[in-house]
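The next block holds one structure in the form of structure tokens; read it before the comments.
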Amino acid sequence: MNFGTLIKDLRIGKELTLRQCSADLDIDPSNWSKIERNITPPPKDSAVLERWVSFFGLTGDKKSEFLDLAALARNEIPADMASDETVIGALPVFFRAVRGRELSGTRLREFMEDLKRIHSPDSE
């Protein structure tokens, strides 16, 4: 799923037309449409995004998914991930793996250990 699809699904789930939703969120309908169609990225302003989260009633994992997809739509790493040195340190290895360069031996073990630390921060 991408951000545009998500906000369109949320809008439709609230049974709002594009114009109604735009008016409620104080955004130009043309701009909202462009965001829904992934032509324009979502705003970077966290206050605006938090207002949208509140409007759609998103909490917990749904809120995180919304904010993560907004960051990714802007070709950014989500802020909470970008500030984590372990995550940032593991990204080059992850990028190589995704691009098809196999990991082996020590580098593979290091990558797996980093992933475990990321997913189990209380275990340190």
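The values are calculated or read from the model by the stated rules, or taken from the named source; none is laboratory data. A quick note: this is a predicted structure, and the numbers were derived from the prediction, not measured. Every residue, glycine as well, gets a Cβ built from its backbone with ideal geometry; the counts of neighbours run over all protein chains shown.
Yes/no matrix, rows are residues, columns are (1) in contact with a Gly (Cβ under 7 Å, 6 or more places away or on another chain); (2) under 26 Å from G4 (Cβ atoms); (3) polar (S, T, N, Q); (4) at pLDDT below 95:
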{"residue": "I35", "(1), (2), (3), (4)": "yes, yes, no, no"}
{"residue": "A47", "(1), (2), (3), (4)": "no, yes, no, no"}
{"residue": "S54", "(1), (2), (3), (4)": "no, yes, yes, no"}
{"residue": "N75", "(1), (2), (3), (4)": "no, yes, yes, yes"}
{"residue": "L103", "(1), (2), (3), (4)": "no, no, no, yes"}
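Got a number for residues in segment 2-33 being touching a Cys at 6+ places or on another chain (Cβ under 6 Å) and over 18 Å from V48 (Cβ atoms)? Spell out how you get there, then give the answer.
Kept after step one, since they are touching a Cys at 6+ places or on another chain (Cβ under 6 Å), are these residues of segment 2-33: 11.
If we keep only those that are over 18 Å from V48 (Cβ atoms) too, we end up with none.
Total meeting the criteria: 0.
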When the residues of segment 55-96 are filtered to those that are aromatic (F, W, Y) and without any contact (Cβ under 8 Å) to a residue 40 or more places away in the chain, which remaining residue is nearest to E110 (Cα to Cα)? F94
All-but-one check, F94 against (1) at positive phi; (2) within 18 Å of the chain's Cα centre (by Cα), failing number (1)
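Does V93 fit the bill of being at pLDDT below 80, under 24 Å from E50 (Cβ atoms) and among the aliphatic types (A, V, I, L, M)? Even if it seems obvious, please write down each step before you answer.
Values: at pLDDT below 80: yes; under 24 Å from E50 (Cβ atoms): no; among the aliphatic types (A, V, I, L, M): yes.
For V93, the condition - at pLDDT below 80, under 24 Å from E50 (Cβ atoms) and among the aliphatic types (A, V, I, L, M) - is not met.
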Only one of S46, S64, S22 is buried (at least 16 other Cβ atoms within 10 Å of the Cβ) and of a type in the set (S, T, N, Q). Can you tell me which? S22
When both residues are 6+ apart or on different chains and their Cβ atoms are under 7 Å apart, which pairs have a first residue that lies in segment 27-49 and is assigned by TED's automatic domain parsing to the domain that holds I7, and a second that is loosely packed, with under 13 Cβ neighbours inside 10 Å and part of a helix (DSSP H, G or I)? P29/R19
